[in-house]
Each structure stands twice: as C-alpha cells, then as structure tokens.
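A.B. asks: Structure provided below as structure tokens; questions to follow.
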Amino acid sequence: MNQIYDCIVVGGGIVGLTTALALAENNFKVALVETEHFKFDYNPEEFSLRVSAITRSTENIFKNLNTWSAMVAERVSPYTRMKVWDEKGDGHIEFSAEKITQPNLGYIIENRVIQKSLFNKVNHHANIILFNPAHCLDLYHKDDWIILQLEGNNEITAKLIIGADGANSWVRNRAQFELYKKEYNHHAIVATVKTELPHDKTARQRFLN
C-alpha cells in the first residue's frame, strides 16, 4: 500500500516530534516514522538523567505548538543565572536574567517531559499519521517523489523527507551524505545530585582540559 504525504519525518525524538507538529500546524500532511515504542510510564518521583537546557526562543516554539503548558504542568526548572569558568579558575563569565530584564534565561527540562507533551499533541493531530513501531527498509527517488519502504510491504511517498533519527541516522546513511567524524577522547559522567543548599536557580558550568 502506497500513501502520499507532503512530508515524511523519520525519528520520534524531540526534534522529530517538534518538526512534524510544526509542519502539521501549517496544514501539511505529515507521516512520522519511529522505530521504538513510545513509553511514558515512568515514575514521577524519580528524575531522569537526560535533560535539555531550553532557551526563551524554544519556549516560544513550544507555546506556539500548544505543548508548553503540559510541560510546565509536569515539571520544569527555570534558571535565572548562569556561571561559567575554566579549569584554572581565572577565566570566568556570568549571565543574569535581571540584566536583560527577563524573568529567566531558560529552563532545564527532562527530555521525557518534553517528548511526552509533544507526543500527546502529535498523536491526536489530524494532519499527522504515526507509523510506530516501523522499520525503514529502503529509500529511493521516482520522478519528483521520495518513496520510503517500511516493513510489512508498506510504502509512503512525499516530496520531502526529514532525517531526525539521531547520530547514527538511517536516512543520512541511506542518502549517502558525506560525514566528517572527529574523536574528542572525552567521557561524560551524568548524575542527579541532591544538594545541601538550594541551587538558587543558577546553572553552573566548568570546562576542563
């Protein structure tokens, strides 16, 4: 079965969901393809390690998509100041919402909270058809169209396909886009820390060599 859309978005993360919803809100018919099941049955008493720093401009995007209030209702943490310094301690810079006459600089939000709010809107949008779980098998051009083959003898066709499927993008690899990779030899440690004193709505960053 071949179905025709204005756009195909591959990837149901924050970027894919936001892109699909923005297109749908502008009256485009969108097919959203995601490999993994969407699961939002997490324990609200626990904090996720995966978070994003949301700027005021991104907040406005979510507001325009009518998803922001659901995020706030679940859990967001605004920050009004940011302090950044280097390893030696002699390089230091600070940012303050007060200096730019704004209520805050942005928000720290768990990725799952953002994704859940976006998904709930996407899942009930008349202009979005969700293929989930769905595995991509092949991608090719025919005349002015792009045809995406999915498992189960399913084909979807559109004028545009957007690869929002992460660092190891299937769409990018299948389209054979050139990619330059560089090894930084860095490791990241992510943790949730309970502090003795309040964080005072301040984000702190220290860069090490």
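The values are calculated or read from the model by the stated rules, or taken from the named source; none is laboratory data. Please read all numbers here as calculations on a predicted model, not as lab measurements. Heads up, the Cβs are rebuilt from the backbone with ideal geometry, glycines too, and the neighbour counts pull from every protein chain shown. Please note that ligands, DNA and RNA were not included when accessible areas were found on the heavy atoms of the full protein model with its side chains. Shrake-Rupley method; radii C 1.70, N 1.55, O 1.52, S 1.80 Å.
A.B. asks: Within the stretch 159-202, can you find the residues that are touching a Leu at 6+ places or on another chain (Cβ under 8 Å) and either under 26 Å from ILE93 (Cα atoms) or open to solvent by less than 70 Å² (accessible area, probe 1.4 Å) (or both)?
C.D. replies: Within the stretch 159-202, ILE161, VAL171, ARG172, ALA175, VAL190, ALA191, THR192 qualify.
A.B. asks: Moving to a separate point now. Keeping to the stretch 163-200, report how many residues are farther than 26 Å from GLY12 by Cα and aliphatic (A, V, I, L, M).
C.D. replies: Residues flagged as farther than 26 Å from GLY12 by Cα and aliphatic (A, V, I, L, M) within the stretch 163-200 amount to 2.
Here is a yes/no grid of residues against (1) out of contact with any Phe, Trp or Tyr (no Cβ under 9 Å at 6 or more places or on another chain); (2) under 19 Å from HIS199 (Cβ atoms); (3) free of Cβ contacts under 8 Å to residues at least 60 places away in the same chain; (4) not aromatic (Phe, Trp, Tyr):
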position	(1), (2), (3), (4)
GLY13	yes, no, no, yes
LEU21	yes, no, no, yes
THR35	no, no, no, yes
THR58	no, no, yes, yes
PHE62	no, no, yes, no
TYR79	no, yes, no, no
MET82	no, yes, no, yes
GLU87	no, no, no, yes
THR101	yes, no, yes, yes
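A.B. asks: May I pose another question? Would you list the strands (runs of 3 or more DSSP E) that sit entirely within the stretch 1-56 and hold 2 or more residues that are at pLDDT below 95?
C.D. replies: The strands (runs of 3 or more DSSP E) meeting that bar are 2-4, 51-55.
A.B. asks: For residues that are among the small types (Gly, Ala, Ser) and surrounded by fewer than 15 Cβ atoms within 10 Å (Cβ to Cβ), scanning just the stretch 53-76, find the one that is nearest to GLN102 (Cα to Cα).
C.D. replies: Filtering first and then ranking leaves SER57.
A.B. asks: Here's another thing I want to ask about it. Tally up the residues in the stretch 114-138 that are surrounded by 18 or more Cβ atoms within 10 Å (Cβ to Cβ) and free of Cβ contacts under 8 Å to residues at least 60 places away in the same chain, please.
C.D. replies: Number of matching residues: 1.
A.B. asks: Something else: Going through the stretch 169-209 one residue at a time, which ones are more than 30 Å from ILE129 (Cβ to Cβ), touching a residue at least 24 places away in the same chain (Cβ under 8 Å) and of a type in the set (A, V, I, L, M, F, W, C)?
C.D. replies: Within the stretch 169-209, VAL190, ALA191, ALA203, PHE207, LEU208 qualify.
A.B. asks: Next question. Give me a count of the residues in the stretch 154-168 that are touching a residue at least 40 places away in the same chain (Cβ under 8 Å), under 20 Å from the mean Cα position of the chain (by Cα) and part of a loop (DSSP other than H, G, I, E, B).
C.D. replies: Residues that pass the stated criteria total 3.
A.B. asks: Take the conditions farther than 30 Å from THR192 by Cα and open to solvent by 30 Å² or more (accessible area, probe 1.4 Å) and apply them to GLY152. Does it pass?
C.D. replies: yes
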